[in-house]
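What follows is a set of notes on a single structure, which appears directly below.
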Amino acid sequence: MSTRERRDGRRVRRMFHSFVSRWCVVAAAVAASGAFCQDERVKPPSPLSPVPFQRVSIRDAFWAPKIETNRRVTVEACLEKCAQTGRIANFARAGGREKGPHAGQRYNDSDVYKVIEGVAYTLAVLPDEALERRADEVIDRVASAQEKDGYLNTYFTLERPLDRWKDMRHGHELYCAGHLIEAAVAYEAATGKRKLLDVAIRFADLIAREFGPGRCLDPCGHPEIELALVKLSRRTGEERYARLAGFFLDQRGPREGRTPFGEYAQDHLPVRDQSEVVGHAVRAMYMYCGMADVAALTGDPGLMAALERLWHDVIDRKMYVTGGIGASASNEGFTRPYDLPNESAYCETCASIGMALWNHRMFLLTGEGRFADVLEREVYNGVLSGVSLRGDRFFYDNPLASRGDHHRVPWFDCSCCPTNLVRFLPAMGERAYATRGDTVFIVLYIAGETTTLLPSGRVRVVQETEYPWSGDVRVVLFPEKPAAFELRLRVPGWCVRPPAVRVNGEPVDAPVADGFLSLSREWRSGDQVDLSLPMGPRRIHADPRVQADAGKVALQWGPVVYCVEGEDHGGSARNLALSPEAEIEAAREPFEGAGSVVVLRAEGLAVDRAEGKRVARPARLRAVPYHLWDNRAGGEMAVWIPESADRTEVPGEGATLFQNGARLSASHCHRGDTLLAMGDGTIPRSSSDPDLPRMTFWDHKGTAEWVEMEFEVPRRVSRVAVYWFDDTGRGECRVPASWRVLYRAEGEWKAALPLAGRPYGTALDRMNAVEFAPVGALQLRLDVQLQPGASAGILEWTVE
């Protein structure tokens with residue numbers, strides 16, 4: 001071990017004990033004061049303490065290579081892009097070091113802060129003097145931009161210096177401040193350097209002076225400051241920062257002296273009265289993180305009850321099998337319960353990261369394994385899909401189906417997702433272990449080790465496993481002296497059979513509670529626990545109310561969700577079917593860039609079209625982990641696989657979905673929209689309603705298009721009504737130039753003739769109905785002629 005490594009190790013140990021003591025001080029102070037607590041008779045909980053990232057070493061074949069790729073590639077890519085796009089230069093310009101206007105979005109400062117935070121975690125994993133010097137140079141620029149009173153925001157300093165705190169709905173000032181605080185706390189913990197922390201404290205002190213009763217009353221339109229202030233409170237031992245976090249939470253919803261920002265910003269109701277997850281998905285997750293942090297300090301029963309209700313709403317009704325959340329691109333967030341379309345699924349990478357952060361906090365708050373199960377689902381699926389195996393290309397949105405037109409890219413104008421990934425991945429270690437009193441929790445199974453300090457003494461914990469491909473986990477304990485303590489091992493929710501456990505080779509019958517297997521005894525150095533979690537291919541079926549997944553199945557191995565890609569099936573994946581009786585085989589196979597992974601295979605069907613008819617032929621299906629998709633040649637992808645040939649989508653048939661037993665198809669549907677919007681029964685407020693799912697022909701303009709509805713049995717129809725989508729002022733969709741209804745009878749398409757010669761309507765803001773003599777139809781079609789230079793869309797289509 002080098003002199004620097006020994007010095008770094010001593011520094012990390014000192015900082016860890018300092019962190020623990022400060023956390024205990026602030027937790028005790030806030031709990032004793034009853035801050036924010038609505039019922040002083042309720043005893044505050046005894047939250048768990050995570051083992052900090054500095055004290056966890058990861059040495060497995062799954063996460064360690066990804067963290068190394070993040071260090072070598074993703075950190076460099078994000079630093080380079082932040083420089084190329086002017087994000088770093090903004091600080092030099094605001095500090096007077098160079099001339100020029102503000103570059104990019106008003107919230108671009110936050111990307112730089114997140115990269116610094118990622119660098120901090122990276123340096124804790126592997127010290128790197130050159131990388132540390134580069135980070136210090138960026139921090140110098142950040143510090144130069146701070147104004148004399150502590151204010152720091154390059155957009156407002158350079159572009160709107162007289163408008164501080166005047167645009168709390170959209171300005172993102174407190175959002176950026178929160179990411180500054182998170183970066184500062186992490187960088188000081190990793191390097192011992194206080195420069196950025198001092199900058200953050202000065203800014204936080206200014207915020208504390210300017211916000212509060214009798215001062216500025218608005219919270220930020222994008223939550224983040226709340227969780228950051230709690231971090232700062234823990235780091236400094238200053239209770240006032242935690243109180244300020246509570247103030248911002250308490251200000252949400254109708255309050256005297258301010259106008260709420262509405263559901264989009266989770267500002268429609270007081271936080272303790274909220275029960276349904278609404279609005280922007282990332283904002284929701286960050287707010288719930290802040291609520292959980294304050295609840296952990298205070299034991300506030302109102303916050304804890306609201307968090308429980310909100311958790312059930314998103315988990316039970318609004319989460320994808322991949323852990324993705326936020327179905328709609330229009331609000332980057334939530335719509336109706338069970339509205340989970342696949343191809344148009346938004347599932348922002350940041351939202352999955354937010355879900356992981358929130359559920360980790362919920363686990364620490366309660367010690368219940370169900371929250372750790374969601375954390376695990378996120379990190380192995382929804383989060384990891386956001387970055388390529390090479391580490392230099394990213395998904396912003398993560399659909400569960402693709403026609404081959406969705407690919408990762410190097411950067412975005414709004415690049416919150418790449419910079420969120422760069423800080424999330426190297427901090428994986430802090431999510432693996434936790435302690436409470438004389439109990440050690442193993443939360444995530446990752447080969448490596450940690451050392452934790454219990455009341456009974458110091459304990460080194462070593463994990464050996466090939467998880468997630470194998471359910472066999474060996475835990476070796478090295479207490480510094482024989483000591484009695486409890487070891488809790490998580491039993492994942494995907495386990496369909498009880499796990500087997502041995503201690504020093506002897507089978508034991510250990511109780512399971514709250515999702516954890518408990519082993520209490522006197523432990524000696526070298527004691528070995530062998531846990532065997534039964535793994536096998538699993539078929540997952542969606543809730544019947546999720547129309548997009550009716551008649552389909554998803555596959556899972558351990559915590560990993562799978563998909564089929566066109567790369568393995570002659571270019572097509574959406575024409576595949578897997579019958580319920582098919583046997584699924586699992587095998588370890590090499591995957592370029594990912595080492596050896598478990599691949600699932602089965603005999604299924606591939607449906608094609610020949611001589612105008614659908615033809616099903618036997619096909620060997622190969623499913624790969626969802627997080628690996630789009631790392632080879634681009635092509636089709638599907639997570640949900642039809643269980644019968646009639647549910648497949650054949651190349652050349654256009655977009656196809658099923659709703660209420662009818663097959664919906666179209667000549668074209670934009671991948672950000674969904675056919676299911678046409679028949680969801682929701683009547684829009686207007687033709688430009690931005691909060692509803694929609695079907696559009698975008699980006700086709702001026703063309704002849706169609707949508708079809710095919711029934712399982714012939715249906716008598718005499719009336720059709722359409723609510724057209726029109727986003728004049730925002731986009732290029734307009735009502736169509738013309739349209740007509742056709743029905744299929746006796747093998748031919750026939751035009752439905754409107755009664756009394758009434759025209760087919762294209763009026764805005766209402767259903768355009770057309771009536772005709774009753775016909776018996778197995779299929780209905782709307783022929784739609786788009787206006788020249790414009791596209792069109794449908795919000796609702798009813799048939800009577």
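The values are calculated or read from the model by the stated rules, or taken from the named source; none is laboratory data. Because the structure is a prediction, the values reported are computed rather than measured. No Cβ is skipped: glycine too gets one built from the backbone with ideal geometry, and neighbour counts run over all protein chains shown. Each accessible area value is taken on the protein alone, full model and side chains, heavy atoms only, with ligands, DNA and RNA left out. Shrake-Rupley method; radii C 1.70, N 1.55, O 1.52, S 1.80 Å.
Things to note:
- Toward the positive end of the charge dipole of the chain, with +1 on the Cβ of Lys and Arg and -1 on the Cβ of Asp and Glu, the farthest Cα among Val624, Ala292, Ala745 is that of Ala292.
- With a 1.4 Å probe rolled over the protein heavy atoms of all chains, the accessible area of Thr728, Thr366 falls in the order Thr728, Thr366, largest first.
- Summarising the amide proton neighbourhood of Gly536: residues at separation of 5 or more, or on other chains, whose placed amide H is nearer than 5 Å comprise Gly558.
- Gyration tensor (alpha-carbon) shape descriptor, the stretch 229-325, a/c threshold 1.5: oblate
- Förster-model FRET efficiency, 41 Å R0, Asp509 and Ala633, C-beta, rounded to 0.05: 0.20
- The sum of -39500 (n - 2.57) across all DSSP H runs of n ≥ 4, divided by the residue count of the chain, sets its helix-only mean residue ellipticity at 222 nm to -9000 deg cm²/dmol.
- With the charge dipole of the chain set up from +1 on Lys and Arg Cβ and -1 on Asp and Glu Cβ about the Cα centre, the Cα lying farthest toward the positive end among the listed residues Leu755, Trp640, Val720 is that of Trp640.
- In this structure the chain gives 37 Å² per residue of accessible area when probed at 1.4 Å with all protein chains present.
- The alpha-carbon atoms of the stretch 660-722 define a convex hull whose volume equals 121 cubic angstrom per residue.
- Residue separation of Glu368 and Arg502 scaled by 0.36 nm, minus their Cα-Cα distance, works out to 45.9 nm of gained length.
- Per-selection metrics, the chain (Cα): Rg and Dmax in Å: 27.8, 94
- Each residue of the stretch 417-427 was assigned a 3J(HN,Hα) from its phi angle through the Karplus expression (A = 6.51, B = -1.76, C = 1.60, θ = phi - 60°), giving 6, x, 6, 6, 4, 5, 9, 6, 5, x, 9 Hz with x at Gly and Pro.
- Dividing the Cα radius of gyration of the stretch 281-417 by its Kirkwood radius returns 0.99 for Rg/Rh.
- Debye log10 I(q)/I(0) for the stretch 627-742, one point scatterer per Cα, at q = 0.10, 0.18 Å⁻¹: -0.37, -1.13
- Cα-based convex hull, the stretch 80-239, per residue volume (Å³, whole number): 108
- The stretch between Ser518 and Arg588 holds 22.1 nm of extra length on full extension. This uses 0.36 nm per residue minus the Cα-Cα distance.
- Given R0 = 41 Å, the distance between the Cβ atoms of Arg620 and His407 translates into a calculated FRET efficiency of 0.95.
- In the chain, the longest principal axis of the Cα atoms and the axis of helix 239-250 are about 20 degrees apart.
- Debye equation applied to the C-alpha atoms of the stretch 589-647, log10 I(q)/I(0) at 0.15, 0.18, 0.19, 0.20 Å⁻¹: -0.58, -0.78, -0.84, -0.90
- Within a straight-line Cα-Cα reach of under 20 Å, Lys318 can be paired with the following lysines, leaving aside sequence neighbours fewer than 8 residues apart in one chain: Lys552.
- Straight-line cross-link reach from Lys193 at under 18 Å between alpha-carbon atoms covers these lysines, not counting any fewer than eight positions away in the same chain: Lys114, Lys231.
- For the stretch 690-800, a Kirkwood radius taken over Cα pairs fed into Stokes-Einstein (37 °C, viscosity 0.692 mPa s) yields D = 227 µm²/s.
- Distance between the stretch 256-271 and the stretch 587-603 - C-alpha centres, whole angstrom: 48
- Integer Hz, Karplus 6.51/-1.76/1.60 couplings in order for the stretch 631-643, x for Gly and Pro: 9, 10, 5, x, x, 5, 8, 8, 8, 8, 9, x, 9
- Whole-angstrom gap from the stretch 487-503 to the stretch 736-768, using each part's C-alpha centre: 60
- Accessible area of Ile58 in the full protein assembly, 1.4 Å probe (Å², nearest 10): 40
- The phi-based Karplus calculation (6.51 cos²θ - 1.76 cosθ + 1.60; θ = phi - 60°) puts the 3J(HN,Hα) values of the stretch 153-165 at 7, 5, 5, 6, 5, 8, 10, 9, x, 8, 10, 3, 6 Hz, whole numbers, x for Gly and Pro.
- Given their separation in residues at 0.36 nm each and the Cα-Cα distance between them, Gln84 and Ala737 gain 230.6 nm when the chain is fully extended.
- Per-atom-type breakdown for the chain gives carbon and sulfur 49% of the accessible area (1.4 Å probe, protein chains only).
- Quarter of the Cα convex hull surface for the stretch 157-210, i.e. its orientation-mean projected area (nm²): 4.1
- For the chain, the Cβ-based charge dipole about the Cα centre amounts to some 1600 debye (Lys, Arg positive; Asp, Glu negative; other atoms uncharged).
- Kirkwood-based shape ratio for the stretch 405-557, expressed as Rg/Rh from alpha carbons: 1.08
- Part-to-part distance (alpha-carbon centres) for the stretch 363-442 and the stretch 521-567, which is given in Å: 17
- Taking a straight line from the alpha carbon of Lys750, these lysines sit under 24 Å away, with near neighbours fewer than eight places off in the same chain left out: Lys613.
- For Ser738, distant residues with modelled amide H under 5 Å away: Gln785
- The stretch 151-253 - Rg and Dmax from Cα coordinates, angstrom: 13.2, 40
- Annotation: average projected area of the stretch 349-403 is 4.2 square nanometres, based on the convex hull of Cα atoms across all directions.
- Cα long-axis angle, helix 281-298 against the chain (0 to 90 degrees, to the nearest 10): 30
- Angle in degrees between helix 75-84 and the longest Cα principal axis of the chain, rounded to the nearest 10: 70
- Shape annotation for the stretch 331-477: C-alpha extents along the principal axes are 55, 35, 29 Å, from largest to smallest.
- Rg to Rh, two decimals, where the stretch 531-637 supplies the alpha carbon set and Rh follows Kirkwood: 0.98
- Placing dummy labels 7 Å off each Cα toward the beta-carbon, the span from Glu137 to Asp198 is 2.2 nm.
- Kirkwood radius for the stretch 56-151, taken over all pairs of different Cα atoms as the inverse mean of 1/r, rounds to 14.5 Å.
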